[in-house]
Amino acid sequence: MSEEVKQREPLFSPKNKKLIFNPLSRENPITVQVLGICSALAVTAKLEPAFVMSLSVLVVLAAANVIISLLRNTIPTRIRIIVQLVIIASLVILVDQVLKAFAYDVSKQLSVFVGLIITNCIIMGRLEAFAMGNKPWPAFLDGIGNALGYGWILLVVAFFRELLGSGTIWNYPVMENLGLYDFGYKNNGFMILPPMALIVVGIIIWIQRSRDKELVEEK
Amino acid sequence: MFSNRYIFIYASVMVIVVAAILSSAATYLKPFQEKNIRTEKIMDILKSVSIEAEKAQADSIYNKYIVEELALNMAGEATSIYKDQNFEKGDIRPFEIKLKSEIKKKESLDAGKEAEEPNFPLYICNKDGETYYIIPLRGKGLWGPIWGNIALKKDMKTVYGVTFGHKGETPGLGAEISTTEFQKQFVDKTIFDDNYKFTSVKVVKGGIGTMPADQQIHGVDAVSGGTITSDAVSDMIADCLINYEEYIKKQLK
């Protein structure tokens, strides 16, 4: 490894902090790298499944990053993708089993999507791009950072979809308590459908790019 | 570079380690998962007679309201009776019967193949002094299995309530069968006509307005855009209830 530093660097050095905070904005997996969009469409109709999905991805990504990073010098290059997949898949199965045992209702709602974490390209992408070449601690931070970057977008999308589509926030009937239905307000059923997630993500990307000009590609 | 030998050994060790971890996790978590599935079954049964049960009390509420469990053969005779936590007859608790395999047995029999005689569970519920008969349902939806429970009133032909569940019907379309709006339609419909001829309750595409007026009591509106799931619900109700026809006729005599 090229970056062998004799003197131990502090746990939260500026470089490590970047690993956590960059994926939240400038290197966001969803809005900038456009990875993991599929699950962002599928689980964001309500806040609760979106939260559990984010949490599951956080656990899987952080753990997979650490495991791969620990093994990185032993993994034969020729089968590294297979090794990564096996590790992701087993972690996902573990998460799925734990959810089935302790959060049965949520696991029913997420149904196949937990299994589909395996195919979430954010995870493979981070393992291949980061964990294979870095020490466990930075890899762990990188995993946490990317999962948080993925998670907060999911929660924002889910917040608006649930509020406008079902009139609730975390199953709490906001619109009803505000009495908006008495004025003829109707829930927008369209918000429940997957295309609206894409549009909400699009709006987030739009806002982000108008605030951070560096993200806008030159023509 | 890594040698082929190293790669083979690496892959084998990895697979064995992973298999060991996963199987021990599955074994350890299984009791918890089975308890969840069981609790859900109990809550579904209770929901069909409009009893809302919290997860924690599901068992005790079930024991309070469900006074008898029966297993019925095709001739309508009870092969097992389970009452007050005791077997009065037989040794298979009707609650533990897996409807899926019983339906398979019946299908093989119908196809002329050899199979054991199927037994179908029936739950007798006593709520506020009224008796209700709860029949579990299972069928094939568009994408996967669908299931449910139908509760009949004392006359054994009027529907008191239903619940439906599904594995993976299309959200917004077929999946609507699990909403209360859809399920409410079944209340007070009848599965027999006045002469106790079996009619089932059909889910009608285009609405029950398209049925003759005297038939409307045996129909409910289908889900728009969910035709196949709606038909599947019709089939499921008819196929499952017909197994109880003999028993019901005996009871009424």
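The values are calculated or read from the model by the stated rules, or taken from the named source; none is laboratory data. Computed from a predicted model, the values in this text were never measured in an experiment. Cβ sites come from the backbone with ideal geometry, for glycine too, and all protein chains shown count toward neighbours.
Among the strands (runs of 3 or more DSSP E) lying completely within the stretch B:1-108, list those that include at least 2 residues that are more than 9 Å from chain A (Cβ to nearest Cβ) and touching an Asp or Glu at 6+ places or on another chain (Cβ under 6 Å).
Filter on the stretch B:1-108 gives B:78-83.
Picking from A:VAL98, A:VAL114, A:VAL200, which residue would you name as being within 14 Å of another protein chain (Cβ to nearest Cβ) and within 17 Å of the chain's Cα centre (by Cα)?
The conditions single out A:VAL114.
Can you say whether B:ALA238 is assigned to a helix (DSSP H, G or I), modelled with pLDDT under 85 and out of contact with any Cys (no Cβ under 7 Å at 6 or more places or on another chain), as far as the supplied structure shows?
In short, no.
Looking only at the stretch A:143-190, how many residues end up being of a type in the set (Gly, Ala, Ser) and surrounded by fewer than 16 Cβ atoms within 10 Å (Cβ to Cβ)?
Qualifying residue count, the stretch A:143-190: 3.
Residues in the stretch A:206-216: is at least one within 14 Å of chain B (Cβ to nearest Cβ) and more than 16 Å from A:PRO23 (Cβ to Cβ)?
No, there is no match, as no residue in the stretch A:206-216 is within 14 Å of chain B (Cβ to nearest Cβ) and more than 16 Å from A:PRO23 (Cβ to Cβ).
What are the residue pairs meeting all of these: first residue in the stretch B:89-106, first residue in contact (Cβ under 8 Å) with a residue 12 or more places away in the chain, second residue of a type in the set (A, V, I, L, M) and assigned to a loop (DSSP other than H, G, I, E, B), Cβ atoms under 6 Å, and 6 or more apart or on different chains?
Once the first residue is in contact (Cβ under 8 Å) with a residue 12 or more places away in the chain and sits in the stretch B:89-106, its partners that are of a type in the set (A, V, I, L, M) and assigned to a loop (DSSP other than H, G, I, E, B) give B:LYS105/B:ALA115.
Take the conditions without any contact (Cβ under 8 Å) to a residue 40 or more places away in the chain and either surrounded by 17 or more Cβ atoms within 10 Å (Cβ to Cβ) or in a loop (DSSP other than H, G, I, E, B) (or both) and apply them to A:ILE93. Does it pass?
Considered against the rule, which asks whether it is without any contact (Cβ under 8 Å) to a residue 40 or more places away in the chain and either surrounded by 17 or more Cβ atoms within 10 Å (Cβ to Cβ) or in a loop (DSSP other than H, G, I, E, B) (or both), A:ILE93 comes out as yes.
Give just the number: which of (1) modelled with pLDDT of 90 or more; (2) under 20 Å from B:THR131 (Cβ atoms); (3) not in a helix (DSSP H, G or I); (4) not small (Gly, Ala, Ser) does B:MET156 not satisfy?
(1)
Checking the condition surrounded by fewer than 24 Cβ atoms within 10 Å (Cβ to Cβ) and in contact with a Pro (Cβ under 9 Å, 6 or more places away or on another chain), which residue from A:PHE140, A:PHE130 passes?
Of A:PHE140, A:PHE130, the one residue that is surrounded by fewer than 24 Cβ atoms within 10 Å (Cβ to Cβ) and in contact with a Pro (Cβ under 9 Å, 6 or more places away or on another chain) is A:PHE130.
Counting only residues that are more than 10 Å from chain B (Cβ to nearest Cβ) and under 19 Å from the mean Cα position of the chain (by Cα), which one in the stretch A:69-90 is farthest from B:PHE8 (Cα to Cα)?
In this case the residue turns out to be A:ILE88.
Which residue pairs have Cβ atoms under 8 Å apart, sit 6 or more places apart or on different chains, and have a first residue in the stretch B:135-163 that is within 21 Å of B:GLY226 (Cα to Cα) and a second that is assigned to a strand (DSSP E or B) and hydroxyl-bearing (Ser, Thr, Tyr)?
Once the first residue is within 21 Å of B:GLY226 (Cα to Cα) and sits in the stretch B:135-163, its partners that are assigned to a strand (DSSP E or B) and hydroxyl-bearing (Ser, Thr, Tyr) give B:GLY148/B:THR163; B:ASN149/B:THR163.
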